[in-house]
Protein chains: 2
Amino acid sequence: MKVYFSCSITGGRDDQPVYRRLVEALLEDGHTVPTAYLAEDDIPAMEKIVEAGDVFQRDTAWVNECDVLVAEVSTPSHGVGYEIALAEFAGKPVFLCYRSGAIVSKMLLGNPSPLYEICCYQSTKEAIENMRLFLNRSARE
Amino acid sequence: MKVYFSCSITGGRDDQPVYRRLVEALLEDGHTVPTAYLAEDDIPAMEKIVEAGDVFQRDTAWVNECDVLVAEVSTPSHGVGYEIALAEFAGKPVFLCYRSGAIVSKMLLGNPSPLYEICCYQSTKEAIENMRLFLNRSARE
């Protein structure tokens, strides 16, 4: 499947090691992840060079092309919140995960849409397992 | 006008004094602001009690009822990003402001929609002046 992976960039990179492992698991399973490089260590520097208008056009096009959106939401981010809405409004299944203890917006946690699956994880392994179950279910539907 | 004021709650409250002054200006001008209490000092404690599902239902209804959305986006927030998308997709004018020096998501800054007005302010006074100009223009359209 084509997976839009969404994570904080300007909002903070404390959870970047988790982003990287989630994306590695997606690629291992044969999925296409256009945003894979956003999970790398040095992405904020790279993204600084790109014009905001180009980022917007590129990322909205990718969200619309993807089969599902996967977002790590432990670190607050306007862009991720916007992209989640974009995927939902386009009717795409959305997987949100966050580490246990992170305080996540109730606007995300309270969404009753059946498109959403929300996972609070104790370990990165648990996040990956739940993401894989979500993707298997989405592939069957 | 009915103004949805959107600001960070769980994402961080460092800019709360600005939120308060923006909302005070809106109320002084006679606008209705259903989210006014979100700009107060002790709101995070109050919001902790409310169920996520109730927050989602309440806030999405308010966005849909409002004439415009005003958001302070200096502090990253998933909920604010989601609400901005919600307002845009409902065809509402959107005013985004942030203090000079704050790093704001390119997904917000790069949106080419004519519904958006984005203001980088040096002072709260400047933010209020620009917000008032935006509201005057929106009222005339």
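The values are calculated or read from the model by the stated rules, or taken from the named source; none is laboratory data. Nothing here was measured: the structure is a model prediction, and the numbers come from that model. Every residue, glycine as well, gets a Cβ built from its backbone with ideal geometry; the counts of neighbours run over all protein chains shown. Accessible surface areas use protein heavy atoms only, side chains included; no ligands, DNA or RNA. Shrake-Rupley method; radii C 1.70, N 1.55, O 1.52, S 1.80 Å.
If you check residue B:27 against the conditions, is it within 12 Å of the chain's Cα centre (by Cα) and of a type in the set (A, V, I, L, M)?
No.
Here is a list: A:54, A:67. Which entry is over 23 Å from residue B:90 (Cβ atoms), over 13 Å from the mean Cα position of the chain (by Cα) and not aliphatic (A, V, I, L, M)?
A:54 is the lone residue from the list that is over 23 Å from residue B:90 (Cβ atoms), over 13 Å from the mean Cα position of the chain (by Cα) and not aliphatic (A, V, I, L, M).
Scan region B:93-103 for residues that are open to solvent by 10 Å² or more (accessible area, probe 1.4 Å) and either within 7 Å of another protein chain (Cβ to nearest Cβ) or free of Cβ contacts under 8 Å to residues at least 40 places away in the same chain (or both) and jot them down.
Selection gives B:98, B:100, B:101, B:102, B:103.
Among the residues of region B:72-103, count how many are closer than 23 Å to residue A:110 by Cβ and assigned to a strand (DSSP E or B).
Residues in region B:72-103 being closer than 23 Å to residue A:110 by Cβ and assigned to a strand (DSSP E or B): 2 in total.
Looking at the structure I just gave you, is residue B:21 buried (at least 17 other Cβ atoms within 10 Å of the Cβ), touching a residue at least 12 places away in the same chain (Cβ under 8 Å) and away from chain A (no Cβ under 14 Å)?
no
Scan B:89, B:56 and give me the residue that is open to solvent by 30 Å² or more (accessible area, probe 1.4 Å), within 13 Å of another protein chain (Cβ to nearest Cβ) and free of Cβ contacts under 8 Å to residues at least 40 places away in the same chain.
Matching residue, one of B:89, B:56: B:89.
Does residue B:15 fit the bill of being more than 12 Å from chain A (Cβ to nearest Cβ) and surrounded by fewer than 17 Cβ atoms within 10 Å (Cβ to Cβ)?
no
For region A:104-129, how many residues are open to solvent by less than 30 Å² (accessible area, probe 1.4 Å), within 14 Å of another protein chain (Cβ to nearest Cβ) and in a helix (DSSP H, G or I)?
2
Looking at region A:59-76 only, could you name the residues that are at the interface with chain B (Cβ under 7 Å from one of its Cβ atoms), open to solvent by less than 10 Å² (accessible area, probe 1.4 Å) and under 17 Å from residue A:98 (Cα atoms)?
A:73
Would you call residue B:139 surrounded by fewer than 21 Cβ atoms within 10 Å (Cβ to Cβ), not in a strand (DSSP E or B) and not basic (Lys, Arg)?
yes
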